[in-house]
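The values are calculated or read from the model by the stated rules, or taken from the named source; none is laboratory data. Here the structure is a predicted model, which means the values were calculated and not measured. Cβ atoms come from the backbone with ideal geometry, glycine included; neighbour counts cover every protein chain shown. Surface areas here come from the heavy atoms of the whole protein model, side chains and all, with no ligands, DNA or RNA. Shrake-Rupley method; radii C 1.70, N 1.55, O 1.52, S 1.80 Å.
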Amino acid sequence: MSLLDTPIWEVIKGSFAPEIWVRLVPAIGETLYMTLVSSIIMLVFGLLLGILLTVTNPDGLVPMRILYTGSGWLINALRSLPQMVMIILMIPVARLFFGKSYGTNACIISIAASCIPMYARIVESSLLEISKGKIEAAKSIGSTNFQIIFRILIPETLPSLIRGFTVAVIAVISMTALAGMFGAGGIGDIAVRFGYQRFQHDVLFASVYVLIALVQLVQWIGNFTSKQILKKRNLI
């Protein structure tokens, strides 16, 4: 059903047809798989890089200007690359790990590599919100740098980190849709192959519904979790 010869309300009505959603179910599973694995990788490496940037900052716990400048330059360089370019650049890496440059597992590397730098900067921004007074007070009672990071910096900024992670996961979802053009499967693959190339706009509309629902769900979970933490701390 195409918008070229069918009224838009008929296409919208047709997008809820059972046969379309039967076709979408496996693609939804692939999208959720790519989103989950990519988000976990992004969380681990993004958090580590964000902590590294915060600690080695000229005003950080362990000032190391060369390491901070080098890390910051690398992260900014990766952030400057469009997502499509990142997917192309990661093709040799995917082939090295999985023996092929297409498929869900292969594209997870590209998705994570594209979103890790962004989340690292979000983590750095959140951790830098902590006042120097709290850090100096912790040092005065003999706290080590490790204790300051994991008992003060991260716990104090946890709501902000969660909100930032929510934004990053939504970016991952949009990246999975783009990766569908490069053989990753998922909702993006269905939207491109059927909705764009074959002009089956009812399938395209159904794909859009799924992506909107996923983003709304992720945003709601992030907001709810952040608010619950703030309520427990009597901050709202």
Considering only region 51-68, state which residues are in a loop (DSSP other than H, G, I, E, B), free of Cβ contacts under 8 Å to residues at least 60 places away in the same chain and either touching a Phe, Trp or Tyr at 6+ places or on another chain (Cβ under 6 Å) or surrounded by 12 or more Cβ atoms within 10 Å (Cβ to Cβ) (or both).
T56, G60, P63, M64
Members of region 153-163 that are open to solvent by 30 Å² or more (accessible area, probe 1.4 Å) and either touching a strand residue (DSSP E or B) at 6+ places or on another chain (Cβ under 6 Å) or more than 15 Å from V44 (Cα to Cα) (or both)
P155, E156, R163
Failed item in (1) surrounded by 13 or more Cβ atoms within 10 Å (Cβ to Cβ); (2) free of Cβ contacts under 8 Å to residues at least 40 places away in the same chain; (3) under 18 Å from S39 (Cα atoms), with L217 passing the rest
(1)
Matching residues in region 121-137 (over 14 Å from P155 (Cα atoms) and either touching a strand residue (DSSP E or B) at 6+ places or on another chain (Cβ under 9 Å) or small (G, A, S) (or both)) number 3
Exactly one of these conditions fails for Y68: (1) in contact with a Leu (Cβ under 9 Å, 6 or more places away or on another chain); (2) closer than 25 Å to A179 by Cα. Give me its number.
(2)
Give me the pairs: first residue in region 1-30 and open to solvent by less than 30 Å² (accessible area, probe 1.4 Å), second residue in a helix (DSSP H, G or I) and not hydrophobic (A, V, I, L, M, F, W, C), beta-carbon distance under 6 Å, and six or more apart or on different chains, which are they?
S2/H201; V11/H201; V11/D202; G14/D202; S15/D202; A27/G186
